[in-house]
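Asks: Sharing a structure with you now.
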Amino acid sequence: MTATAHLVVGTRARDRRSTPAPPVDHDRGNDEMEVPMRVDAMLAGSSITDLAAEARGREAAGYDGLWSFEAAHDPFLPLMPVAEHTDHIAVGTGIAVAFARNPMSMAHVSHDVQVHSQGRLLLGLGSQVKPHIERRFGMPWSHPAPRMREYVQALRAIWSAWDDDERLNFRGDFYSHTLMTPFFSPAPSPWGPPKVYLAAVGEHMTRVAGEVCDGLQPHAFTTERYLRERTLPLLAEGLAASGRTLADFSISFSGFVVTGRNEEEMAVAEAGMRQQIAFYGSTPSYRTVLDMHGWGELGVELNTLSRGTDPDRWEKMGDLIDDEVLRTFAVIAEPDALGPALLERYGDIVDRFTFYAPYAHDDAVFAPAVEALRKAP
């Protein structure tokens, strides 16, 4: 498989109090042993017909999860054939835009995927940004962190109404859900509700993830230092507010990797990664990561170039990413050394890792790393 960039629900039961099937722990991965880090992948197939074969191949190759994302396609529809044609691999949205939907519509589609996958859905949510929510989706935007906190709370209230036969009576500042009749209620999920992950960059949204979610999806444009010095303390604050610790929480990280089997492949990988780092670095809202390392002026220069008219500006922006910046953002190693290098940098922080490789590559190049990550002591 070559990549070029990061790149049927059952009929509702009439007796809602019928005994559910025993839960299955699909989060255990491909074997019965606990693993230090689960290895996931982003779905690469551009059409629904390609997804079944891709999913079977990923599961056979030892991957623990497959994530879809919301860009040119709906993030949930691809997960249905993936779940249909696999046995244990987790299926996730990385991410689904929360504010493009109301909590009820999100609760319904995620419940259906959770049941169809027999409890394997990881519901990754994100806020997107104001112009997209208002101008692309035509939905309201305000107070993103408090709204997201309430959004997740509303989801849990709706799921409880279906799974636990609780009366739906959610009243918040942004959302209100107080009507649920049997005709509109799906049968309870034998596997409970899906785990909820939240994509977060800023401090307020990171705290919300710790307060009300099961996991965090940090942005790929981050560094080990930023995760340790900024993200983890903020998460700890949110988790403390909910009576939990990091031991009760999951961090799923799509991290930059540079690898290749020869000098030519390594050169292609480095060039692609420099351009990707430059692209993200040009975004003002990600400037805090650069500022932590004293590279704030680099962000200003990248942003200025990105708004220009030079047709070669993206290549020139990549040239501004020197070796120090590249090594700080990306793990650079040959295939056999990539797994140990990732464990050294992220092994005590991240429990799910996705290779972010924005350059032409053969996915087989990651096979040694997959094995090393899943079998490390």
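Asks: How many percent of the accessible area of the chain is carbon or sulfur, using a 1.4 Å probe?
Replies: Carbon and sulfur together cover 53 percent of it.
Asks: Shifting gears a bit: Can you run phi through the Karplus equation (6.51, -1.76, 1.60; θ = phi - 60°) for the stretch 273-284 and list ³J(HN,Hα) in whole Hz, with x for Gly and Pro?
Replies: Karplus-based 3J(HN,Hα) across the stretch 273-284 equals 6, 4, 5, 5, 4, 5, 4, 5, x, 7, 8, x Hz.
Asks: Can you list residues whose amide H is under 5 Å from residue 258's amide H, if they're 5+ apart or on another chain and H is modeled 1.01 Å from N?
Replies: Under 5 Å from the amide H of residue 258 lie the amide H atoms of 331, 332, 333, each far enough along the sequence or on another chain.
Asks: If you don't mind, there's one more thing I want to ask. Grab the beta carbon distance between residue 307 and residue 371, set R0 = 35 Å, and tell me the FRET efficiency rounded to 0.05. Walk me through the intermediate numbers first.
Replies: Values: r = 44 Å, r/R0 = 1.25.
Rounded to the nearest 0.05, the efficiency is 0.20.
Asks: Tell me the per residue accessible area of the stretch 272-377 using a 1.4 Å probe; a whole number in Å² is fine. Display every interim value, and only then the final one.
Replies: Numbers: 4890 Å² over 106 residues.
Ligands and nucleic acids excluded, the result is 46 Å² per residue.
Asks: Name the residues whose placed amide hydrogens come within less than 5 Å of the amide hydrogen of residue 353, ignoring near sequence neighbours (fewer than 5 apart) on the same chain.
Replies: 38, 39, 40, 253
Asks: Distance between the C-alpha centers of the stretch 89-137 and the stretch 286-352? Whole Å please.
Replies: Going from one Cα centre to the other spans 28 Å.
Asks: Sticking with this structure for a sec: Can you tell me the length gained on complete extension of the stretch residue 56 to residue 300, counting 0.36 nm per residue apart and subtracting the Cα distance?
Replies: On the way: separation 244, 0.36 × 244 = 87.84 nm, distance 4.41 nm.
Difference between extended and current length: 83.4 nm.
Asks: Can you tell me the FRET efficiency between residue 142 and residue 229 if r is taken as the Cβ-Cβ distance and R0 is 30 Å, rounded to the nearest 0.05?
Replies: Working: r = 30 Å, r/R0 = 1.00.
Step by step, r from the Cβ atoms, then E = 0.50.
Asks: Kindly rank 346-354, 235-243, 209-217, 274-282 from highest to lowest mean number of other beta carbons found within 10 Å of each residue.
Replies: On the way: 346-354: 20.0, 235-243: 16.1, 209-217: 23.7, 274-282: 22.1.
In decreasing order of mean packing, 346-354, 235-243, 209-217, 274-282 become 209-217, 274-282, 346-354, 235-243.
Asks: For residue 250, enumerate residues with amide H under 5 Å from its amide H, sequence gap 5+ or separate chain, H modeled in the peptide plane.
Replies: 215, 216
Asks: Within the stretch 116-188, list the chymotrypsin sites (Phe, Trp or Tyr not before Pro) lying in a DSSP loop whose Cβ has at most 15 other Cβ atoms in a 10 Å radius.
Replies: Working: sites: 137, 141, 151, 159, 162, 170, 174, 175, 183, 184; in loops: 137, 141, 174, 175.
Answer in residue order: 137.
Asks: Moving on. Label-point separation (nm) for residue 248 and residue 181, each offset 7 Å from Cα along Cα-to-Cβ?
Replies: Label-label distance for residue 248 and residue 181, simple model: 3.8 nm.
Asks: Let me ask another. Give me the 1.4 Å probe accessible area per residue for the stretch 70-157, excluding ligands and nucleic acids, in Å². Intermediate values should be presented prior to the final figure.
Replies: On the way: 3300 Å² over 88 residues.
Using a 1.4 Å probe on heavy atoms only, each residue of the stretch 70-157 averages 38 Å².
The values are calculated or read from the model by the stated rules, or taken from the named source; none is laboratory data. For clarity, every value in this text was computed on a predicted model and none was experimentally measured. Every residue, glycine as well, gets a Cβ built from its backbone with ideal geometry; the counts of neighbours run over all protein chains shown. Note: accessible area is taken over every heavy atom of the protein model, side chains too, but ligands, DNA and RNA are not part of it. Shrake-Rupley method; radii C 1.70, N 1.55, O 1.52, S 1.80 Å.
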